[in-house]
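Here the structure is laid out as structure tokens; the discussion comes afterwards.
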Amino acid sequence: MKAFRLDELEAERAANDGAYLQFLRERNMSVGLYALDAGTQDPQQPHHQDEVYLVVSGRGSITVGMETTQVARGSVVYVPAGVAHKFHHISEDLRVLVVFSPPEG
């Protein structure tokens with residue numbers, strides 16, 4: 001079994017000065033913690049993998065393709081491989097679990 005604590009993952013991510021921390025990689029998926037502070041820009045480009053986002057804290061919006069929705073703690077968003085997507089209008093620091101399948105490059 002592999003078990004993780006969000007507070008420890010957030011501390012590790014912050015210590016490495018990165019917006020993204022991949023903390024699990026298996027044959028069919030990878031999982032990471034993505035952080036975007038209030039007012040920042042999301043630099044993402046479309047990925048070659050399907051993604052699922054689970055917002056663990058914060059508030060903002062996400063646009064996937066031509067659709068936009070507001071997100072907050074508990075929001076779950078699916079993004080198909082190859083589709084443009086960005087978080088924006090981030091009003092509270094976002095912390096998001098990201099599941100890639102297959103694993104991210």
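Here are the numbers for the structure shown:
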{"quantity": "Contact order normalised by residue count of the chain, Cα under 8 Å, 6+ apart, percent", "calculated": "34 percent"}
{"quantity": "Gained length - residue 48 relative to residue 26, 0.36 nm times residue gap less alpha-carbon distance", "calculated": "6.3 nm"}
{"quantity": "Top positive-direction residue, dipole computed over the chain with Cβ charges, set 76, 90, 55", "calculated": "76"}
{"quantity": "Potential lengthening between residue 14 and residue 92 on full extension [0.36 nm per residue; Cα-Cα distance subtracted]", "calculated": "26.4 nm"}
{"quantity": "Per residue, in Å², the accessible surface of the chain once ligands and nucleic acids are set aside, probe 1.4 Å", "calculated": "60 Å²"}
{"quantity": "Nearest-20 debye value, the chain charge dipole, Cβ charges on Lys, Arg, Asp, Glu", "calculated": "200 debye"}
{"quantity": "Cα-centre dipole for region 1-49 with unit charges at Cβ (Lys and Arg positive, Asp and Glu negative), debye to 20", "calculated": "320 debye"}
{"quantity": "Normalised alpha carbon radius of gyration of the chain [divisor 2.2 N^0.38 Å]", "calculated": "1.01"}
{"quantity": "Contour excess over end-to-end distance, with Cα ends at residue 63 and residue 78 and 0.36 nm allotted per residue", "calculated": "4.3 nm"}
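The values are calculated or read from the model by the stated rules, or taken from the named source; none is laboratory data. Quick caveat, the model's predicted, so the values are computed rather than measured. Because the Cβ atoms are built from the backbone with ideal geometry, glycine has one as well, and the counts that use them run over all protein chains shown. Surface areas here come from the heavy atoms of the whole protein model, side chains and all, with no ligands, DNA or RNA. Shrake-Rupley method; radii C 1.70, N 1.55, O 1.52, S 1.80 Å.
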